[in-house]
Structure formats: C-alpha cells, structure tokens
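Some notes on the structure that comes next.
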Amino acid sequence: MSIAALPTLLVFSAAAVAPVLGMRLRKLGLPAVVIELALGVLLGPQVLAWVEINSTLEAMAGLGMAMLFFLAGCEIDLPAIQGRPLRGALSAWLLSLGLGMGLAWLGLQEGWLSGSTAALVVGLAFSSTALGILVPMLRDAEVLDSFFGRQVMAAGVVGELGPILLMSVLLSTRFGAGQQSLLVLAFLLLVLLLAWALARRVRIPRYLQALQRALTQSSQLPVRIAMLLLCLLAYLAESFEIDLALGALAAGMIVRVLTQDSPTHLLQEKLDGIGFGFLVPIFFVCSGVKLDVAAVLGSASGWRLTGLCLAGLLLAHLPMFLLGLRRMPAREALGLSLLSATTLSLIVAMTGIARESGRMNSAEAGALVMAGVLSVVLLPRLASFALRKVFKQPQPVAKHASPYTDQDGL
C-alpha cells in the first residue's frame with residue numbers, strides 16, 4: 001500500500017467505526033455526524049496527525065457533500081407542506097434571517113468577527129436548519145405525517161433551501177451579487193424545465209413499471225438514473241458558477257417529484273446506502289480533519305465565540321416560536337423553535353467554502369461548527385422535554401432511518 005493510500009484507509013476506518021461508537025455511546029444520544037467530526041479531528045493535524053487531505057479524499061468529500069444535500073432534497077415533500085405550513089415557515093425564516101444578520105453585524109461591530117464576509121456567513125448560518133437530520137428524527141418518532149411534523153418539515157425546507165440560495169448568490173468569488181442572482185435564476189428555471197420534461201416522460205405507467213422491476217435486477221437502473229441526475233445538476237451548478245449544494249438539492253427534489261406517486265422505499269434504501277453508508281461519512285470525517293479545534297478550545301475567546309454562536313442560533317429562531325404560538329400550544333411552539341435551530345450540515349459546507357477562499361479564519365469557522373455540533377446534541381433533547389406529552393415514547397430505529405439521528409428518538 002502506498003503512503004498516499006494510507007490516509008484514505010484511515011478515513012474509511014473512521015467512517016466504519018463511527019456507528020459502532022454511536023451504539024456503544026447510545027445513552028449520550030450522539031448523532032453519527034458528531035462522532036465522525038470528532039474522529040476526523042482525532043486523525044487530523046490537531047491530535048494524531050495521521051491524515052492529511054489529499055486529492056482523492058478531497059474529491060470523495062465533495063461527492064459526500066453533494067450526496068448529503070441530494071438526500072435532503074429527496075426528503076422534501078412539497079405537497080405535504082404547501083399552504084399555511086410553508087407560508088408560516090417562510091415568514092418565520094425571513095424574520096430569522098433579518099435577526100441573524102443583525103446579530104452577526106453586532107458581532108462584527110464588537111470585534112468578535114474579523115470581517116463582513118465572516119459576518120455574512122454567520123448570519124446565514126443562524127437562519128439555517130438541518131432538514132436532513134430532522135426528517136429522520138420525526139420519522140423515527142412517528143410524527144412526520146402529523147400537524148406538528150409538517151410544521152417542522154416546512155421549517156426545515158425553508159431553513160435549508162433559503163440559505164443555500166443566498167449562499168450561492170452572496171458567497172460567489174467570480175461575479176457580483178447582481179450577476180450571480182441572474183445566474184441562480186437561470187439555473188432554477190433550467191431545473192424547473194428539466195423537471196417538467198422528465199415528469200411528462202417518466203409518469204407514463206409502462207416506464208414506471210420497468211423502473212420498479214429494475215430495482216431488483218443487477219442493472220439497478222433507477223439508482224443509476226438518480227446518480228446521473230445528481231451529477232448533471234451538480235455539473236450545471238458548477239457551470240453557472242453556483243454552489244454545488246444547490247445543484248445537489250435540486251436533483252434530490254426532482255427525484256422526489258418524479259417518484260411522488262409510486263412506491264419508493266426500496267429506491268430510498270439504496271440511495272441511503274450509497275450516501276449514508278459510503279460518501280456522506282467521508283465528507284464529515286474529512287471536515288473534522290480540517291477543523292481547527294485548537295483555535296476554538298485552546299483559548300477563552302474561542303469558547304466565548306462558540307457560546308455566542310450557539311446563543312445566536314437560539315435567538316435567531318425566536319420568531320419561529322412567536323409565530324408558532326398563533327397556531328399551536330406553547331410547548332409545541334417551543335419544540336418547533338428548538339428543532340428549527342438544530343443545524344450542522346450547512347454550517348460545515350458554508351464555513352468550508354469561506355475558509356478555503358480566505359474570507360473566514362479558522363477560529364471563526366471552528367467556533368461556528370462547534371456551535372452547530374452543540375445544537376445537534378442539545379436542542380433535540382431539550383425539544384423532547386417540551387414535547388413529551390405530544391410525542392409517543394421513543395420507538396425502535398425505523399427501517400428507513402438515517403444514521404444521522406439521535407437513535408433514541410425524540
């Protein structure tokens with residue numbers, strides 16, 4: 001084995017060990033993503049210095065990030081949340097965005113952040129929600145199809161799609177905001193046209209039946225088509241100088257639309273296997289290798305900034321609680337607010353882009369990621385206390401559950 005292959009082997013080993021540790025540490029309720037980040041830190045230059053990110057790992061981590069947002073797009077059930085849930089979530093998110101940007105600007109004025117771009121990333125992060133983490137949690141607790149579940153789903157859709165769109169416009173390094181906005185609009189129109197063209201063809205019954213039969217054959221044609229669509233939308237996003245996450249999310253949403261009226265459990269299981277079983281863990285382990293925890297945990301300012309970022313996440317989602325009081329009991333509104341403040345995946349992606357372009361330093365990026373880790377570990381637990389009279393007792397892990405959940409349920 002060459003020296004270059006050793007880091008890849010170690011990262012794969014960490015990805016395999018993470019769920020085992022998750023089962024051993026079940027009582028702590030640590031999601032796999034947190035363990036994967038921690039193992040990446042352990043293997044990286046901060047601790048053991050066994051792994052440096054080479055070109056192979058960089059490419060696989062990029063595929064993992066794309067797959068993460070693709071699977072999140074596959075979870076978006078627009079017909080289930082259209083109407084009042086979606087309008088309420090959009091109103092709350094716009095208020096959260098404004099509040100988050102205000103808090104980030106305050107941090108810039110107080111000298112806690114180094115520049116306007118860092119403040120922009122922090123403000124966007126404060127308004128984001130981890131849809132890919134929340135949906136499996138709701139499914140495991142058997143409340144995904146309930147009134148409350150639809151509210152959380154709507155909050156997650158807007159809280160993930162909105163920041164991705166703004167990130168694609170505002171964090172562009174090649175064009176100004178006006179030109180980038182036109183490119184994003186053109187890309188979205190092209191995606192809608194592609195979805196319409198595919199839907200007209202695929203909804204013919206004989207095509208659907210042939211695709212369903214192929215799921216149990218060696219060709220695995222539906223899986224190949226889904227991966228082709230992911231690569232196509234990712235390529236188009238790159239061609240339009242748009243962030244990869246938007247193309248991947250759009251591809252997942254198209255797959256969801258195309259399979260809306262047909263049984264998809266088997267296809268979803270296979271896509272989950274490729275994503276959560278292979279590519280997504282590589283992305284999080286590699287993100288942990290890059291994470292500068294020494295800059296965060298090695299100083300009082302790092303601890304302070306982490307605490308401020310976590311407080312900012314909670315404060316920015318206060319509008320979700322206040323607007324939720326108009327349509328649900330206080331306990332459910334509090335639970336909705338806490339769950340909508342749960343975020344990590346998008347923070348890792350945004351800070352990675354900003355750090356690699358030199359527009360955010362390692363200490364700021366690390367503190368924001370650490371705040372995201374704390375939100376994933378703590379906020380669903382706090383929500384479970386607020387919602388203990390609403391949700392059922394914790395259920396066994398669902399058959400189609402993602403490993404990126406608290407496996408004790410909500």
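For the stretch 117-134, the criterion of being farther than 19 Å from Gly366 by Cα, modelled with pLDDT under 75 and over 14 Å from the mean Cα position of the chain (by Cα) is met by no residue. Somewhere in the stretch 358-380, is a residue buried (at least 17 other Cβ atoms within 10 Å of the Cβ), in a loop (DSSP other than H, G, I, E, B), at pLDDT 85 or above and among the hydroxyl-bearing types (Ser, Thr, Tyr)? No, every residue in the stretch 358-380 fails to be buried (at least 17 other Cβ atoms within 10 Å of the Cβ), in a loop (DSSP other than H, G, I, E, B), at pLDDT 85 or above and among the hydroxyl-bearing types (Ser, Thr, Tyr). Being open to solvent by 20 Å² or more (accessible area, probe 1.4 Å) and modelled with pLDDT of 85 or more is the requirement here; does Leu334 meet it? The answer is yes for Leu334.
Total residues in the stretch 298-352 satisfying the condition of being under 21 Å from Leu382 (Cα atoms) and polar (S, T, N, Q): the figure is 6. For the stretch 337-347, give me each residue that is open to solvent by 10 Å² or more (accessible area, probe 1.4 Å) and either more than 25 Å from Ala89 (Cα to Cα) or within 13 Å of the chain's Cα centre (by Cα) (or both). Once the filter is applied, which keeps residues that are open to solvent by 10 Å² or more (accessible area, probe 1.4 Å) and either more than 25 Å from Ala89 (Cα to Cα) or within 13 Å of the chain's Cα centre (by Cα) (or both), the stretch 337-347 yields only Ser345.
For the stretch 72-114, name all the residues that are in contact with a Lys or Arg (Cβ under 8 Å, 6 or more places away or on another chain), surrounded by fewer than 14 Cβ atoms within 10 Å (Cβ to Cβ) and small (Gly, Ala, Ser). The answer is none; no residue qualifies. In the stretch 54-68 there is no residue matching the filter, namely being hydroxyl-bearing (Ser, Thr, Tyr), open to solvent by less than 60 Å² (accessible area, probe 1.4 Å) and in contact with a helix residue (DSSP H, G or I) (Cβ under 8 Å, 6 or more places away or on another chain). Within the stretch 265-299, the set of residues being open to solvent by less than 20 Å² (accessible area, probe 1.4 Å), of a type outside the set (A, V, I, L, M) and not in a helix (DSSP H, G or I) is empty. Scanning the stretch 24-52 for residues that are more than 15 Å from Val377 (Cα to Cα) and open to solvent by 50 Å² or more (accessible area, probe 1.4 Å) yields Arg24, Leu42, Pro45, Gln46, Val47, Leu48, Ala49, Trp50, Glu52. Restricting attention to the stretch 201-210, does a residue exist that is at pLDDT 65 or above and either touching a Pro at 6+ places or on another chain (Cβ under 6 Å) or within 30 Å of His265 (Cβ to Cβ) (or both)? No; the residues of the stretch 201-210 include none that is at pLDDT 65 or above and either touching a Pro at 6+ places or on another chain (Cβ under 6 Å) or within 30 Å of His265 (Cβ to Cβ) (or both).
Going by the structure shown, is Gln220 under 23 Å from Leu258 (Cβ atoms) and at pLDDT 65 or above? Show your work before the answer.
Details: under 23 Å from Leu258 (Cβ atoms): yes; at pLDDT 65 or above: yes.
Spelling it out, Gln220 is indeed under 23 Å from Leu258 (Cβ atoms) and at pLDDT 65 or above.
When Leu99, Leu95, Leu113, Leu103 are checked against the criterion of being assigned to a loop (DSSP other than H, G, I, E, B), touching a residue at least 12 places away in the same chain (Cβ under 8 Å) and over 20 Å from the mean Cα position of the chain (by Cα), a single residue qualifies: Leu113. Among the residues making up the stretch 252-275, those that are within 17 Å of Gly62 (Cβ to Cβ) and under 15 Å from the mean Cα position of the chain (by Cα) are Gly252, Gly275. State all residues of the stretch 219-255 that are surrounded by fewer than 17 Cβ atoms within 10 Å (Cβ to Cβ) and closer than 16 Å to Trp196 by Cα; if no residue qualifies, say none. Answer for the stretch 219-255, where residues must be surrounded by fewer than 17 Cβ atoms within 10 Å (Cβ to Cβ) and closer than 16 Å to Trp196 by Cα: just Leu232.
The values are calculated or read from the model by the stated rules, or taken from the named source; none is laboratory data. Just so it is clear, the model here is predicted, and its values are computed rather than measured. As a convention, Cβ positions derive from the backbone with ideal geometry for all residues, glycine included, and neighbour counts pool all protein chains shown. To get the accessible areas, we keep the full protein, side chains included, count just its heavy atoms, and leave off ligands, DNA and RNA. Shrake-Rupley method; radii C 1.70, N 1.55, O 1.52, S 1.80 Å.
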